[in-house]
Amino acid sequence: MNKVIEVIEGDITTVQVDAIVNAANEQLAGGGGVDGAIHRAGGPTIMAECREIGSCPTGQAVMTNGGKLPADKVIHTVGPVWSGGNQKEAELLASCYRNSLILAEEYQLKRIAFPNISTGVYGYPKKEAARIAVQTVEDTLRNLDYVEEVVFVCFDEENESIYKESLGHN
Ligand code: AR6
């Protein structure tokens, strides 16, 4: 089956896909950045489900409803905090992308949108994070049946051009 990987610049809360991925924290407590934007736009049912789930270790992923978002579901994953590169950051970031896609596959979802996990408050260098995101998504997609399309939603032009270059879309 043909798989599609796209890059767009924009706000992930407006993207119509089966699930958008949230860059959450281990407490699933909400926060700033994309996490804040998703809870604001989606409304309180998302946080209600986060409270029931409780927490999520770094590198893992959990699923909730999408509330008022155009996306049906939200996959909450917790990226690593960048601490110089020797704290398994790369492995953990790859796990975020892989485990989010595996969860989507379990729910038989087709189209998934990712933000640039860990590259905001958590400080992961953008180019290195993009390389891991693209490689992990390409490798994982090959082994999935239901998930057909991944959209990388970049909030700024710099990330958009980094992703387009990584994917050879320039
Ligand atoms: N749509 C798409 N991307 C966005 C949006 C949006 N609406 N808003 C921000 N970004 P961050 P992290 C981009 O800081 O580094 C939260 O407080 C942003 O420009 O949201 O994984 C959580 O609760 C950046 O490129 O997530 C955690 O405590 C990317 O999303 C912590 O921050 C990720 O930036 C997680 O930090």
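The values are calculated or read from the model by the stated rules, or taken from the named source; none is laboratory data. Predicted model only: the values in this text are computed from it and were never measured. Here the Cβ positions follow ideal geometry from the backbone for every residue, glycine too, while neighbour counts run over all protein chains shown. Just the protein is used for accessible areas: all its heavy atoms, side chains included, with ligands, DNA and RNA removed. Shrake-Rupley method; radii C 1.70, N 1.55, O 1.52, S 1.80 Å.
Which one is least open to solvent (accessible area, probe 1.4 Å), of the residues in the range 43-69 that are under 14 Å from the mean Cα position of the chain (by Cα) and over 12 Å from Asn22 (Cβ atoms)?
Gly59
For the range 8-30, which positions are open to solvent by 50 Å² or more (accessible area, probe 1.4 Å), in contact (Cβ under 8 Å) with a residue 60 or more places away in the chain and within 8 Å of the ligand (Cβ to nearest atom)?
In the first step, residues of the range 8-30 are kept if they are open to solvent by 50 Å² or more (accessible area, probe 1.4 Å); the result is 8-9, 11, 14, 16, 26-27, 29.
Restricting the remaining residues to those that are in contact (Cβ under 8 Å) with a residue 60 or more places away in the chain gives 8-9, 11.
Asp11 - this is the single residue of the range 8-30 that is open to solvent by 50 Å² or more (accessible area, probe 1.4 Å), in contact (Cβ under 8 Å) with a residue 60 or more places away in the chain and within 8 Å of the ligand (Cβ to nearest atom).
Please tell me if Asp35 is away from the ligand (no atom under 14 Å from the Cβ), under 21 Å from Phe152 (Cβ atoms), surrounded by 14 or more Cβ atoms within 10 Å (Cβ to Cβ) and not hydroxyl-bearing (Ser, Thr, Tyr).
Details: away from the ligand (no atom under 14 Å from the Cβ): no; under 21 Å from Phe152 (Cβ atoms): yes; surrounded by 14 or more Cβ atoms within 10 Å (Cβ to Cβ): yes; not hydroxyl-bearing (Ser, Thr, Tyr): yes.
Criteria not met by Asp35.
Take the range 118-133 and flag every residue that is within 14 Å of the chain's Cα centre (by Cα), within 9 Å of the ligand (Cβ to nearest atom) and assigned to a helix (DSSP H, G or I).
Ala129, the sole residue that qualifies.
Based on this model, can you work out whether Thr136 counts as within 14 Å of the ligand (Cβ to nearest atom), in contact (Cβ under 8 Å) with a residue 40 or more places away in the chain and under 14 Å from the mean Cα position of the chain (by Cα)?
Numbers: within 14 Å of the ligand (Cβ to nearest atom): no; in contact (Cβ under 8 Å) with a residue 40 or more places away in the chain: yes; under 14 Å from the mean Cα position of the chain (by Cα): yes.
It is false that Thr136 is within 14 Å of the ligand (Cβ to nearest atom), in contact (Cβ under 8 Å) with a residue 40 or more places away in the chain and under 14 Å from the mean Cα position of the chain (by Cα).
Would you mention how many residues in the range 70-114 are among the small types (Gly, Ala, Ser) and open to solvent by 10 Å² or more (accessible area, probe 1.4 Å)? Explain how you work it out, then say what you get.
Taking the range 70-114 as the starting set, the residues that turn out to be among the small types (Gly, Ala, Ser) are 71, 79, 83-85, 90, 94-95, 100, 104, 113.
Imposing the further condition that a residue be open to solvent by 10 Å² or more (accessible area, probe 1.4 Å) reduces the set to 83-85, 90, 94-95.
Qualifying residue count, the range 70-114: 6.
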